[in-house]
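*Asks:* Before I ask anything, here is the structure I am working with.
The values are calculated or read from the model by the stated rules, or taken from the named source; none is laboratory data. Note that the structure is predicted; figures quoted are calculated from it, not measured. All Cβ positions, even for glycine, are placed from backbone atoms using ideal geometry, and neighbour counts span all protein chains on display. These accessible areas exclude ligands, DNA and RNA; they are computed on the full protein's heavy atoms, side chains included. Shrake-Rupley method; radii C 1.70, N 1.55, O 1.52, S 1.80 Å.
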Amino acid sequence: MLSPAETPSSSISQRVIAAGIILGFLYMAGPLVMTIVVSVLLASTLDPAVRLMTSRGIPRGLAAMTMVLVLLGAGYLAFYLFYAQAVNFAADLPKAMATLRTHVLTFREKANAFERQTQAVISPRDTEGPDLPPDETRAASSMEDLLGVGWKSVSEVLVLASFVPFLVYFFLTWKSHLRRNAVFIVTGENRVVAERTIDGITRMIHGFVVGNVIIGLILSVVSGVFFHLMGLHYSVFLGPISGFLSLVPYFGVVLALLPPMIVGLTQFNTTLAPLVVLMAGVVVMHLLALNVLYPKIVGSRVHLNPVIVTLAIMFWGWLWGGMGLILAVPITAAMKAICDNVSALRPYGRLLGD
């Protein structure tokens, strides 16, 4: 017979409270958790190269340090190659945004004129009052708030990003120690389940990250060549940005369109045809990557159904913003790997799977 503390209602209440505590922790410690997750993703991606080097007799610490230096060198090389165009793009961005604002205001005026004509037909009475002057005080305040948040976010990102190379190095160097002691936490036959779960998560993360990097590089090259053929300024810089933004689930095509369209609106402001071709090209590349490359390179490693992916993106995007959109799929896939290897959670794994 169950005691009052063990009734089903109290068990449900405890689970709800625990879920609330976890959700609050993920929200309050979001930047910290995201830094750790990104470091784990990078370490899992670099681990096969480290294992290959250790099999050739190179000490694991030296191999891990070498791969971290390669990662930093690749980041510095990308920064060096794109720095000049990035500076020029940033210098021309106010002009591009002014042009974009002009187009938006023109469209808004036409929409307002259409609305007034519609209201005149439906209700001839003068229902509109005089136009109010823009609230410059509020606009200035909003801009100050935006700059304040932006500076705070940038400083926070830089501080946390400085820990990523060290975390990646320690995850690579202490992988065996962490794995062995994580398995020893559980007892009895559950250790085998723990080992299978860790292996499944590691394979999934490696396949997901490497697959996305391969697709991003392909899209970057193809996009850069396409922008160059279109005569678009900053094609070398815009190609990789548009290519990797295209990988963001569901919102990728919109994000991939923004950088080239901002430049295109400034450069091709006399005719509409180049903008249509530019938009069509980006959309076609995104659809080909999504329907041809992604299922073959990444889809076979993740095995998540579209409904769960959509809900996961909504949840993690709401919780962590833009970074949550990027990390939603690997986090959910890792949860599925855990459910698939724990017998009590396998029904949930089938619910998440495809």
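*Asks:* Ignoring ligands, DNA and RNA, please state the percent of accessible area on the range 279-354 from carbon and sulfur, probe 1.4 Å. Display every interim value, and only then the final one.
*Replies:* Numbers: 3010 of 4090 Å².
Carbon with sulfur: 74 percent of the solvent-accessible area.
*Asks:* For residue 15 and residue 254 in one chain, what is 0.36 nm times their gap in residues minus the Cα-Cα distance, to one decimal in nm?
*Replies:* Numbers: separation 239, 0.36 × 239 = 86.04 nm, distance 3.84 nm.
That works out to 82.2 nm of additional length.
*Asks:* Related question: Accessible area of residue 159, 1.4 Å probe, to the nearest 10 Å²?
*Replies:* The value for residue 159 is about 80 Å².
*Asks:* May I pose another question? Of 228, 303, 206, 286, which has the most accessible area and how do the rest follow, probe 1.4 Å? Could you put the intermediate results ahead of the total?
*Replies:* Values: 228 130, 303 80, 206 55, 286 20 Å².
Heavy-atom accessible area, descending, gives 228, 303, 206, 286.
*Asks:* Can you give me the C-alpha center-to-center distance between the range 162-187 and the range 291-354, rounded to a whole angstrom?
*Replies:* Using only Cα atoms, the two centres lie 23 Å from each other.
*Asks:* Using only the heavy atoms of the protein chains and a 1.4 Å probe, how would 179, 108, 196 rank by accessible area, largest first?
*Replies:* Values: 179 70, 108 150, 196 105 Å².
These residues rank, largest area first, as 108, 196, 179.
*Asks:* Let me ask another. Would you mind getting the accessible area per residue of the range 260-354, heavy atoms of the protein chains only, 1.4 Å probe, in Å²? Mind showing how you got there, number by number?
*Replies:* Numbers: 4970 Å² over 95 residues.
I get 52 Å² per residue for this part.
*Asks:* Moving on to the next point. Stretch residue 65-residue 83 to full length: gain in nm at 0.36 nm per residue minus the Cα-Cα span? Spell out each step's value before the answer.
*Replies:* Details: separation 18, 0.36 × 18 = 6.48 nm, distance 2.62 nm.
Gain on stretching residue 65 to residue 83: 3.9 nm.
*Asks:* To continue, here is another question. Please give the solvent-accessible surface of residue 110 in Å², to the nearest 10, using a probe radius of 1.4 Å with every protein chain present.
*Replies:* Residue 110 exposes around 140 Å² with every protein chain in place.
*Asks:* Within 10 Å, count the other beta carbons around each residue, average over each peptide in 324-337, 46-59, 211-224, and list them highest first.
*Replies:* On the way: 324-337: 21.4, 46-59: 14.1, 211-224: 18.4.
By packing density, highest mean first, the sequence is 324-337, 211-224, 46-59.
*Asks:* Still on this model: Working with all protein chains in place, sort 65, 34, 204, 314 by solvent-accessible area computed with a 1.4 Å probe, largest first. Intermediate values should be presented prior to the final figure.
*Replies:* On the way: 65 80, 34 30, 204 10, 314 120 Å².
Accessible-area ranking of 65, 34, 204, 314, largest first: 314, 65, 34, 204.
*Asks:* Same structure, new question: Which FRET efficiency value, to the nearest 0.05, do you get for residue 186 and residue 296 by plugging their Cβ-Cβ distance into 1/(1 + (r/R0)^6) with R0 = 51 Å? Mind dumping the intermediate values first?
*Replies:* Numbers: r = 36 Å, r/R0 = 0.70.
Efficiency, rounded to the nearest 0.05: 0.90.
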